[in-house]
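One structure coming up, written as structure tokens, with questions to follow.
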Amino acid sequence: MNIGIILYTLLLKPLELLFEVIYYNADRLLKNPGWAIVVLSLVMNLLALPLYRRADKLQDEERETTEKLKAGVSHIKKTFRGNERFYMLQTYYRQNGYKPVYALRAVIPLLLEIPFFIAAYRFLSGLESIKHVQLGPIADLGAPDALMTIGDAHVNILPILMTVVNIYSGKIYSEKHSLKEKLQLYVTAAVFLVLLYRSPSALTFYWLLNNLFSLLKNIYDKKLKPGRVKALKSKNTAVEKDAKSYELIFHATGLFLTVLTGMLIPGNVIVSSVSEFVEVDLPHSPGVYIWMTLLLSAGFFLIWFGIYFLLASHNGKRIMALAAFILAVVGTVDYMAFNLRQGTLSELLQFDRTPVYSPKDHVINSVVIIILMILCVLIFVRSKKTVRLLLLAGVLSVSILGIKNVIKIGHDYKMMKPAIEKANRTPTLSFSRTGKNVVVLMMDAMISRYVPYMITDRPELKEMFDGFTFYPNTVSFGPCTNFGSPGLYGGYEYTPGEMNERDTELLVDKHNEALKVMPVIFSENDYKVTVCDPTYAGYDDIPDLSIYDAYPGIDAYITMGKFGQSSLGYERLDELRNRNFFMYGLFKLSPSVLQLSLYDDGNYCSTRDFGVKDGELSPIGQVMETLSVSKGVNYNFMKQYSVMQSLPGITEGTDDDTDRFFMMSNSLPHNPMLVREPEYEPAYEVDNTEYDRSHHIKYKEDGTSKDFYDENNYPRYHVNMASMLKLGAWFDKLRECGVWDNTRIIIVSDHAWRVGDVGEMVKYYGFEVDRNTPRNKDEADFSVLNCTLMVKDFDAKGFTADDSFMTNADTPALAFRDLIQDPVNPFTGKNIDDTYKQNNRLELFMGRNYSVYTNNGYKFEPDHWFSVHDNIFDPDNWEYLGFY
Amino acid sequence: MGLNYLLYIDPGTGSMLFAALMGVFSVVLYFFREAWVKISFMLSGGRKVQSGEKLPVVIFSDDKRYWNVFEPICDEFESRGIDVHYMTASPDDPAMEKDYVHVKREFIGKGNKAVARMNTLKAGVVLATTPNLDVFQWKRSKGVDHYVHIAHAADDITKYRMFGTDYYDSVLLGGKYQGEQIRKLEKLRKLPKKNIEYVGMPYLDRMKERADAGKNTHEDKNAVTVLLAPSWGESGILSRYGEKLIDILAEAGYELIIRPHPQSFISEKEILDALMNKYAGTPNISWNRDNDNYEVLKKADILISDFSGVIFDFALVFDKPVIYADTDFDKSPYDCYWLNEELWTFKILPYIGKKLDASNMNDIKALISECMQDKKLQAGRDRARKDTWMHEGEGAGRTVDYIEKIAMKEGK
């Protein structure tokens, strides 16, 4: 963090952000970028006006003082020489209460105006959404206006108009000035014309508006109100004492809001899951986000608010101090007490579900705010001392809590760092051409029900997946990764029920054990073992690879986010977080009626997240206009997609006949978003309207069809399809390397998704069995447990389906089959086979707390349990076991 | 495009900014100047000196020539048995030779070294004749409670260079008109009223005492002794009449003593050297540079001077006539410039002497004899004494009384 960034964040960024939010909302309301620019210009000029006024007044005062002292000064200059002259002048100034440095006072408000101009310019010139936008006769706001054509040449009218206004305005302004000053204005106007002539019309339009504003200002100042009354300086000591008190209250409130928004709120978000905010190949502490947010908050609440406070009149100061106090109290109560129904926050500060407020919520919130405001006014009027004490207590407590967070984040990051550094290696996946290769791919949330449709949708998949047997009748032991994946990795000893049985051991230890079962057994049988992204190893989002430290034969890697993401992507991710943590803070402090506008579907009024910069895809969020049209891409999707896309590049065949075992997880199917059809590849702008018109209904080979065109299914179908195609491309690479036939591949998912009608696995119970069922909590949608299982054995041919009853806990047995004789779990000593499901009642856990950061005791938090046997598509085979 | 946003600003603001930046430029120049002045003060010995414990009363003399002012006061302190510290910037200050018990004397270095010491002094009361406290290098020390100025000439207090007594807490004066002048300046400059104490003129008292004591030792003289005591500077006699006047006086057969202002030896050294060379062989011309002007004033029968304060010493103490040169007094550098009124000096001069100008310079002999016989001048001198020499004979006592009073008050 260099001084430039600090200054930028303190001085410019708050203004840029303010302009962005103003422009964004103006555009949203007026649905016209041109009018939004008008609003922006107006607001910018109104904001800069007090500064201009102050500068004007100070310059008048300065002019008056120098005029008053002129005779004396020139006498001294005439009479004395050398040092004596200096001493005489110094004393003369002193006696007249003047300091030469006062000449600077008039400059300061002017200099303070410059950030407004720079910020507005920077914002507008970086605004992508004005490109190719028409405004009246201007064809493209992103290009020079070219409103007139003379012969072959285009003439830009806006800059000329701007200059005309500029000159006229200058003429009025400099009416009583010397010819030299006048000339200076006209020359400046001409220079601007040359410099700005080729600027995009959005900018020249904006400048034209600024100049019009300046013209009006000058007409008012010089023509309508030439003899302005000078404000009298108040020397009343009671007033001065009051002013001190307001000053203290205002600045203390500024400090409180700064620490609350800049430190405590972002800290509270990060501290709940530090690793979510750490990128493997961008290793900086998430604490950085807090410092940047703190700077931005300080820029807002301390610097800019402070500047306006300084410029305010006595009365203005009183009102501002009271308003700030109310803001602090209401904000704190909003943050502390109205936090409900906002769901879980992602690392992009987006909720998993958009917060919903009922009219009742708004009424309650508004009533509370009104009561608080009345209380604040009463306290403020009655006892400033109480206000000061409250603020002192507030500043102290938010600071202590904030610093506590920062320390905790720093500590967590430090603990994580070795793992991150270790993980920061790129694997080479080498497969033996002569030995045996076994691959287990855990595709998080891959939906089995889609497979038959996908195969028909893109027939080449059948060739790519040649040799695979698809097991549609497969069930997982839980609807989320923490419940569904241990069994997949470790077999039946690691189903939620079995893990709960071992209730003297921590879940994380049992989970880690499951992740080791296959790698350790293969390794002990002289296989060369490579593991990538072992799911939740160490119960952390960034897998803790040290669980394999004791096994030199196991090579472990983290690939998530390692490929394809240019540094630009991460810079923008940082930029997004630095911006949105502050916005998130404001969102949390604001009344409920404002919250949704500020949250803006997780976009936080940003105009930038759709921006294509140098042809790169933005990793930040996708907004769907319809189910066929979208802008932007999902950050997590890209992170996973880039890994899948990179697999062929890091894969090689080798003549070394050592057998290989490769285990990997990938969450591509877990990150729904729209991709471009029919390629099913991500694109910045997606418009599948044409294609979807004839393709939204998907078919199976037997001709049965389903309409997938709904919010729940369509984006998921897209990402499942993208996953299949990327897997297929990798399989092609394996074929090319000559390792296809001697490789056994198991594609398995830890769970699926509640796909509703598409799943046809919904069962009504008449009491609440699954709070996550979208339609009715009394229904259980078992499609979420219908996980994917596809197995390609050595030398297998064709793409076939097998309706055998399977579970994803069969995976280890499938992997070992015919290769490892009587495999035994090295940790428990028990045999690993697939007989469990025949001999035991399967206990399936419909748990809801998917967080490994909170559901991490000795047993999983209680929830509903079910059982199923044989055909999982027959509702009668499902049985409710109870809540435990 | 990169620079556009730095350049772009609406015309009104742009013009204001431009004007303001010019202001910034001059401010920067001013600060460089300030820094330079400070540095040059430091380089010329003005380094900060750590002062010791707080002294109750300090007398500061920036030059030994003011010993005539301080001597009667020191004697008074000594006789009353009050301890005071006399700090001088002259190593050969006559004070050093005095046999005092209670007046502790200290040479505190010359020039800026002395000033630096004074700037960090810790004292209850400081008495000084040095004008322009807190204007030039000599600043008010935070460790000093009260600064008292005592005039070293019996005429206008506004003949100091600008801001002469502005930053003193008390001024000791010999005439009401001086007090009025100070009050007028205070009003003009919106300064707080300082204490004005009319104590008289201790140094005139002392001269008077000596003159009275020496009356009986009258020495025989053949010729009239003319003392030419010009002030310095362009409007002084030396610059304006110089040689011509000396020639006339020498030819007239007077015994001529020329006593240039001490500053002339510095500022007008070339003129002075030329004159001294020219008249080196002239028997009835002598040059006088005594620190104490008593003897020379006593010896002279008539004084020719300009607006120098010595006129009043001569006329008031020795009660002899004076001839004052008609010089264009340029008030510009002085406090009197700011007061729109005639100086007391110029008002009183016609009453105590005759004016010498270009027209009567050739008849200077007649002028001298006219002066020596004019009885009206005696009345004029009485009037001047009344104006500017209050409490005759009580100056030192009243000064010490006042300082004691202030020291007690500040010491509380």
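None of the figures in this text is laboratory data; all of them are computed from the coordinates on show. Keep in mind that this is a model prediction, so the values were computed, not measured. Virtual Cβ from ideal backbone geometry, glycine too; neighbours counted across all protein chains shown.
Can you sort A:Phe117, A:Phe256, A:Phe827, A:Phe731 so the residue with the fewest Cβ neighbours within 10 Å comes first?
A:Phe827, A:Phe117, A:Phe731, A:Phe256
Counting each DSSP H run of 4 or more residues in chain B as -39500 (n - 2.57), what helix-only mean residue ellipticity at 222 nm follows after dividing by all residues, to the nearest 500 deg cm²/dmol?
The helix contribution divided over chain B gives -12500 deg cm²/dmol.
OK, next. Add -39500 (n - 2.57) for each DSSP H run of 4 or more in chain A, then divide by its residues: what number comes out at 222 nm, to the nearest 500 deg cm²/dmol?
So the calculated ellipticity at 222 nm is -16000 deg cm²/dmol.
Would you mind giving the mean number of other chain beta-carbons within 10 Å of the Cβ of each residue in A:82-93, as a whole number?
5
Rounded to the nearest 20 debye, what is the charge dipole size of chain A about its Cα centre when +1 sits on each Lys and Arg Cβ and -1 on each Asp and Glu Cβ?
8160 debye
So if we plug the beta-carbon distance of A:Leu29 and A:Lys797 into 1/(1 + (r/R0)^6) with R0 = 45 Å, what FRET efficiency do we get, rounded to 0.05?
0.15
Right, next: Per-residue Cβ counts within 10 Å, from other chains only, averaged over A:94-101: what number is that?
What the average comes to for A:94-101 is 4.
Moving on to the next point. Using the per-residue mean of other Cβ atoms lying within 10 Å as a proxy for protection, in what order, highest first, do the peptides A:478-486, B:251-259, A:75-83 fall?
Result, highest mean first: A:478-486, B:251-259, A:75-83.
Which shape class, rounded, prolate or oblate, goes with the stretch A:1-136 when its Cα gyration tensor gives a ≥ b ≥ c as root eigenvalues, a/c under 1.5 marks rounded, and past that a/b bigger than b/c marks prolate?
prolate
Hey, what angle do you get for helix B:202-214 against the long axis of chain B, alpha-carbon based, 0 to 90 degrees rounded to 10?
20 degrees
Show me A:789-799, A:285-295 ranked by packing, highest mean number of other Cβ atoms within 10 Å first.
Sorting A:789-799, A:285-295 by mean packing, highest first, produces A:285-295, A:789-799.
Still on this model: Rounded to two decimals, what is the ratio between the C-alpha radius of gyration of the protein assembly as shown and 2.2 N^0.38 Å?
Output field value: 1.45.
While we're here: If you bin the C-alpha pair distances of chain B every 20 Å from 0, what whole percents do you get?
Distribution as computed: 23, 51, 20, 5, 1 percent.
Summarise the partner chain shielding of A:162-174 as one whole number: the mean count of Cβ atoms from other chains within 10 Å of each residue's Cβ.
Across A:162-174, the average partner-chain Cβ count within 10 Å equals 2.
For the stretch A:175-213, run through the trypsin sites (Lys or Arg not before Pro) and keep only the ones in DSSP coil with at most 16 other Cβ atoms within 10 Å of their Cβ.
Answer by residue number: A:Lys176, A:Arg198.
If you don't mind, another one. Arrange A:Thr344, B:Thr388 by Cβ neighbour counts within 10 Å, fewest through most, would you?
Placing the least packed residue first, the sequence is A:Thr344, B:Thr388.
Something else now. Once you have the Cα-Cα distance between A:Val377 and A:Tyr764, take 0.36 nm times their residue separation minus that, and quote the gain in nm to one decimal.
Using 0.36 nm per residue and subtracting the Cα-Cα distance, I get 133.9 nm.
If you take the beta carbon distance between B:Ser239 and B:Glu341 as r and set R0 to 35 Å, what does 1/(1 + (r/R0)^6) give as a FRET efficiency, to the nearest 0.05?
E(calc), rounded to 0.05, equals 0.85.
Moving to a separate point now. Rounded, prolate or oblate: which fits the stretch A:748-874, taking a ≥ b ≥ c as square roots of the Cα gyration tensor eigenvalues, rounded meaning a/c under 1.5, else prolate when a/b beats b/c?
It comes out oblate by the Cα gyration axes.
For A:Glu347, B:Glu234, what ranking results if the residue with the fewest other Cβ atoms within 10 Å of its Cβ goes first?
B:Glu234, A:Glu347
For the stretch B:94-142, which trypsin sites (Lys or Arg not before Pro) are in a loop by DSSP, counting at most 11 other Cβ atoms within 10 Å?
Those that pass, being in a loop and sparsely packed, are B:Lys142.
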